[in-house]
Structure formats: C-alpha cells, structure tokens
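J.: Before we start, here is the structure in question, set down as structure tokens.
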Amino acid sequence: MTLWIAVETATDAGSVAIGEPGVARHEVAIEVRRHAAETMPAVADVLRRAGAGWGDVAGFVFADGPGSFTGLRIGLGTVKGIVAAHPHLALQSVASLLGAAWTARGEGERVAAMYDALRGEVFLGVFEFPREGGLRTVFAPSLVAVSNLRRLPVPGVAVGDGAVAHSGAVEDWTGRAPLPVTAAGPSAAALLELLAVPGTVVPVHDLDRFEPAYGRRAAAQDRWEEKHGRPLPDPAGG
C-alpha cells in the first residue's frame with residue numbers, strides 16, 4: 001500500500017485527504033479559520049481511517065496558493081514538520097485554484113476558479129481539462145481586480161468563494177451564475193485526483209526554501225516596511 005496525503009489550507013476553510021494518485025479514500029474538513037488547531041489532527045485522522053502508518057505513505061501533495069497567507073503558512077508548516085520527522089516522504093505541489101477548478105470540470109470545458117482576495121480583487125485562474133486528458137492553463141493564477149474580469153478569456157463556469165462574493169460581475173463575464181461554494185470549495189481530495197493528471201503537479205526538491213505562492217504580500221509586511229522605511233529582512237538570507 002502506497003498512499004499520499006493531501007493538504008488544502010489556501011482559504012478560510014480547508015481539508016486533508018488520503019488515498020492513491022487518482023483516488024481519495026478519506027477526507028476530513030478543517031473548520032473555518034481553525035487551521036492551526038485542526039490541520040495536524042486531521043492528518044492523524046485520515047491516517048487512522050486508512051489504517052495506515054507513515055511507512056505506508058509516499059508523501060504529501062500540498063495546495064500551494066494563491067490564497068490565505070495564514071492558512072498557507074500553517075498548512076506548509078505542518079507538512080514541513082512531518083517531512084522533517086519522516087525524511088522518506090516526498091512533497092508535490094499543486095496550484096490551489098487548479099484544485100478548485102478540477103472539482104467543477106464537468107460543468108464546462110473551461111473553468112475559472114476564484115478565491116476572494118478582498119479589496120475588490122480575486123485570485124483567479126482559468127483552466128481547461130481536455131477530454132483526452134491533461135491540462136491547459138488558459139490564464140495562470142494571478143491577482144486580478146474584479147473590474148477587469150471582462151478583459152479576460154471567458155470561461156464556461158466560475159467557481160469558488162471569490163466567484164460567489166462577486167456574483168454580479170461574474171455573471172456579466174460568464175453569462176451564468178457562479179457555482180455555490182459548497183459545490184466547489186477547497187478540496188484535498190481533488191489534489192489526490194490531480195496526482196494522476198499529467199502536467200498538474202510539481203515536485204518540491206528543496207523543502208527548506210520552498211514557499212507557497214501567496215498571490216500578494218502579507219499586510220503585516222507592508223505595515224512593517226512602511227513603519228521602518230526599508231524592506232523586511234529575509235530570514236533565509238536571500
């Protein structure tokens with residue numbers, strides 16, 4: 001038995017799942033803004049449900065953003081801590097928006113995944129999943145002003161909390177209402193399914209230097225630099 005554990009913490013809610021590439025066996029939800037308290041227990045829970053130990057696990061697949069700075073930091077910190085304790089574990093990363101789009105691939109050939117970034121902006125990616133397999137990235141994950149949506153390639157459907165939060169603008173763009181959050185929320189199970197889809201997963205070779213793609217700088221960093229009048233020092237020395 002060779003299993004993978006998926007961790008999705010890019011939005012206010014999240015989940016952890018366990019299974020093989022292409023198939024999720026068990027998934028556990030992380031309640032809204034409970035990442036710090038629930039991510040590690042969720043990992044232990046899916047291991048227990050699968051009747052597995054760390055020797056049965058090949059590695060992790062992590063939704064690496066863009067999204068919540070806090071959620072991504074907690075999720076990656078949890079994964080890094082476990083991999084440090086079990087060095088045989090590999091790490092693969094998947095764009096968070098790609099995971100959300102995958103959950104809605106049956107709704108249209110071209111899917112826009114949107115996470116709310118506040119300030120009238122969304123984290124947005126547009127993807128196609130051809131019937132013959134694989135992935136085509138139509139618009140790479142980026143921070144986009146909602147007012148600019150109509151300048152972008154038109155998808156068949158939009159999903160995610162950002163699409164719902166700006167449903168009027170999304171409907172003007174796509175010609176249809178966005179899917180509800182419950183139909184296309186963060187899904188660690190989707191990450192496991194994507195492990196079997198060519199071109200969707202990126203191996204992480206340098207765990208120490210790996211950081212999520214946050215999509216924008218943390219507000220705390222902006223405040224620090226404004227107060228001190230200089231860039232925040234890089235603790236890694238880069």
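The values are calculated or read from the model by the stated rules, or taken from the named source; none is laboratory data. The structure displayed is predicted, hence computed values, not measured ones. Virtual Cβ from ideal backbone geometry, glycine too; neighbours counted across all protein chains shown.
J.: How about the stretch 21-37: which of its residues are in contact (Cβ under 8 Å) with a residue 12 or more places away in the chain and within 17 Å of Thr9 (Cβ to Cβ)?
T.: Ala24, Glu27, Val28, Ala29, Ile30, Glu31, Val32, Arg33, His35, Ala36
J.: Looking only at the stretch 139-152, decide whether some residue is of a type outside the set (Asp, Glu) and in contact with a Ser or Thr (Cβ under 6 Å, 6 or more places away or on another chain).
T.: no
J.: For a quick check of your reading of the model, give me the residue pairs whose first member lies in the stretch 78-93 and is modelled with pLDDT of 95 or more and surrounded by fewer than 19 Cβ atoms within 10 Å (Cβ to Cβ), whose second is among the hydrophobic types (A, V, I, L, M, F, W, C) and in a helix (DSSP H, G or I), with beta-carbon atoms closer than 6 Å and at least 6 apart or on different chains.
T.: Final answer for the pair search is His86/Trp54; Leu89/Val83.
J.: Suppose the filter is modelled with pLDDT under 95 and either under 18 Å from Leu191 (Cα atoms) or within 19 Å of the chain's Cα centre (by Cα) (or both); does Arg119 pass it?
T.: No.
J.: Then there is this: In this structure, is Ala6 under 20 Å from Thr103 (Cα atoms), in contact (Cβ under 8 Å) with a residue 12 or more places away in the chain, surrounded by 22 or more Cβ atoms within 10 Å (Cβ to Cβ) and not β-branched (Val, Ile, Thr)?
T.: Yes.
J.: Another question about this same structure. So, restricting to helices (runs of 4 or more DSSP H) that lie completely within the stretch 1-117, which ones have at least 3 residues that are charged (D, E, K, R)?
T.: 35-50
J.: Moving on. Name the single residue, out of those in the stretch 130-143 being assigned to a loop (DSSP other than H, G, I, E, B) and free of Cβ contacts under 8 Å to residues at least 40 places away in the same chain, that is surrounded by the most Cβ atoms within 10 Å (Cβ to Cβ).
T.: Among those residues, the one meeting the criterion is Pro130.
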